[in-house]
1. Counting other Cβ atoms within 10 Å, which GluC sites (Glu not before Pro) in region 303-357 have at most 12 and lie in a DSSP loop?
2. Could you size up the charge dipole of region 253-405 around its Cα centre, putting +1 on the beta carbon of Lys and Arg and -1 on that of Asp and Glu, and report it in debye to the nearest 20?
3. Cross-link partners among aspartates and glutamates for K38, C-alpha distance below 16 Å, same-chain residues fewer than 8 apart left out?
4. If packing is taken as the mean number of other Cβ atoms within 10 Å per residue, what is the order of 336-345, 210-219, highest first?
5. Going through the DSSP H helices of the chain, which span 24 Å or more along their own axis at the Cα atoms while scoring at least 1.0 as a mean Kyte-Doolittle hydropathy?
6. Would the chain count as rounded, prolate or oblate if I go by the C-alpha gyration tensor, calling it rounded below 1.5 in a/c and otherwise prolate when a/b exceeds b/c, oblate otherwise?
7. Find out how many positive minus negative residues lie around R300, taking Lys and Arg as positive, Asp and Glu as negative, among other residues whose Cβ is under 14 Å from that of R300.
8. Determine the relative contact order of the chain: mean sequence separation of Cα pairs under 8 Å and six or more apart, normalised by residue count, in whole percent.
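Read-outs throughout are calculated quantities, based only on the coordinates presented, and are distinct from any laboratory measurement. Worth saying up front: this structure is predicted, and the values here are computed from it rather than measured. Note that we place each Cβ from the backbone using ideal geometry, even for glycine, and neighbour counts take in every protein chain shown.
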Amino acid sequence: MTTVPDLPVTTEALEHFPFDDGRGIEVNERFRELRQRKGLLRVRLAYGEPTWLVTRYADARLVLGDARFSRAMSVGRDYPRQDEATDLAGLITLDAPEHTRLRTLLLKALSKSRIDEQRPTVHAAADDLLSSAMNAGPGMDIVADYAQQIIVLSLCDLLGVPASDREAFESASAALLPGSAVGPEDMMRRFGALRTCTEQLIAERRARPRDDLLSAMIQARDEEDRLTDTELIDLVVGLLLAGFEAVTTQIPNCVYVLTRGDRVLWNRLRAHPAELPAAVEELLRYNASAGAGLFVRYAREDVNVGGTLVRAGEALTVANESANHDPARFEDPDAIDFTRPPGGHLSFGHGAHYCVGAQLGRIDLQEGLRVLLTRTPELTVRDITWKERPHVRGPEAMHVTWQGA
């Protein structure tokens, strides 16, 4: 790892980031101004040292994709963040070559064919969840009763987690999310239960492999290398947390955008379901879902970023919600256009740390929305409680009803 000099502690008055309390999914207008000015803005998050804020698309791709910027340098430092906790672990905290080795092994197990095979399972799970909600009453909380359940069921099915252990996976995933109301003692208890379940599953799969992701991860090889039990546990936990929060948030975010106002977008997708994959990509780009502090990097050396000389050892925070609305990359970026050429958005990241579960996330979103569009044509959002200062912006709860409610 490159050694960098310690930088003096700054006492300058800096603008606080994020610029709002995180409620809603609209992109803050401050980003528009920042994209038009030369250079980067120096800001502070709730905790940690100052950071350069990256708001333009080209600069974001540079910082996320260039090896001169490090994730591993965050470990052991007072890195910029929204939460008081400072412990970091897992794949997302590593740089090459350690990151490359683990990611290669994981991608061997997490093959495209294996993920594609999940689509019927996800669709059936979403269909069953909606049927249960319809039988129980005139509406549901689409966050807790639907989106959250879809991701737990799909990830547990993919990993091969038995039904008897899924409650531990769900409760631990919810407790470990940033901003969770669960107290520290209960959080540690749930996390311990998650690790214990995972350790037991690993031991069982080593003895009796099955056709599931966990068995494939255990069997993965790269030049006679293998994943240790600790690495396996960290990867499983990382997959759960990344997928849990993203899908739990994005399904209600998409429903909110599609059904607001005159419902033109909702009705269009009902009439043209073949557009759903493109619509999901556009909504991922449009929704200001990623909050502050998720994409922190440290400069390994002095680098010019967008007209600012970032010194070795300084932190940078990428505001991908701003980059996704950069008119230099996306024509008329504040409009929702399902015919927009696919690709390019940074909602799953970019570069070596591009989300390994992106394809599963897409399937969860597509099938979760497909079931709602097909079976609840008059679905209406009645009440929303927004998360405040979240890592992923979206509803804490969203009550919806359907025709006849």
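1. Passing sites in region 303-357 are E331.
2. Dipole magnitude for region 253-405 comes out near 320 debye.
3. Candidates past the 8-residue exclusion: D59, D326.
4. 210-219, 336-345
5. Helices passing the filter in the chain: 229-259.
6. It comes out oblate by the Cα gyration axes.
7. So the environment of R300 carries a net charge of 0.
8. After rounding, I find 29 percent.
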